[in-house]
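What follows draws every value from the coordinates through simple rules; no lab data is involved. Note that the coordinates shown come from a computational prediction; the quantities given were computed from them, not determined experimentally. No Cβ is skipped: glycine too gets one built from the backbone with ideal geometry, and neighbour counts run over all protein chains shown.
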Amino acid sequence: NYERRQNEASRLILATVENKFVEVNAKFISGHAVVTNVQNILLLLFTITSLGMILFSFWLSVFISSPIKDLVEAIKRISEGDLKTRVTVSSKDEIGILASEFNGMTARLEKSYIDLEKKVQIRTSELEAKVTELENLREAMITTAQTFEELRNKAKQ
């Protein structure tokens, strides 16, 4: 009888341990599935975040470099002689201030160039008048010299 009770108790203990093992194993498998799902979600979030950061970085670089490229192009046109070139001021940050100052500098340069051209025209007109005056004086001197020569020739005769 004792052995039978002992065998029965052993079977009960073994059945209980086996049931608990099955429960723990099921919870482990369930927990592993949850961990795998969380890993997949985190991997997806990391991928989306990385892609978003790359796109944001690209947009930011275009946003920052575009006004600078416009300024460089304007500088090239001005260096080629187009003093009417202006840059569009699209912000109030350092780049916007630079573009605004650049436009002011270009306007002053254009005005100086126009003033210089006016001065050159005035000087050219003055020089042309002096040249004309000198030519007239030369012709008058030649005429006077010819007249003196004719008078001398008549006086010799």
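Just to verify a number: FRET efficiency for THR36 and ILE68, C-beta to C-beta distance, R0 = 35 Å, to 0.05?
0.15
What nm value, rounded to one decimal, do you get for the distance between GLN6 and ALA107 when each label is placed 7 Å out toward the C-beta?
Roughly 11.0 nm, to one decimal.
At 0.36 nm per residue, minus the direct Cα-Cα distance, what do SER57 and LYS20 gain on full extension? Give it in nm, one decimal, please.
7.9 nm
State the extension gain, in nm to one decimal, for the chain segment bounded by LEU44 and ASP93, taking 0.36 nm per residue of separation less the distance between their alpha-carbons.
Stretched fully, the LEU44-ASP93 segment lengthens by 14.0 nm.
Which FRET efficiency value, to the nearest 0.05, is calculated for MET141 and GLU117 with the Förster distance at 25 angstrom and r the Cβ-Cβ distance?
Taking R0 as 25 Å, the efficiency between MET141 and GLU117 is 0.10.
Can you give the convex hull volume per residue for the Cα atoms of segment 1-49, as a whole number of Å³?
29 Å³
So how tilted is helix 2-79 from the main axis of the chain? Cα-based, degrees 0 to 90, rounded to 10.
Orientation of helix 2-79: about 0 degrees from the principal axis.
Given the rule -39500 (n - 2.57) for each run of at least 4 DSSP H residues, summed and divided by the residues of the chain, what is its mean residue ellipticity at 222 nm, to the nearest 500 deg cm²/dmol?
Mean residue ellipticity, 222 nm, calculated: -34000 deg cm²/dmol.
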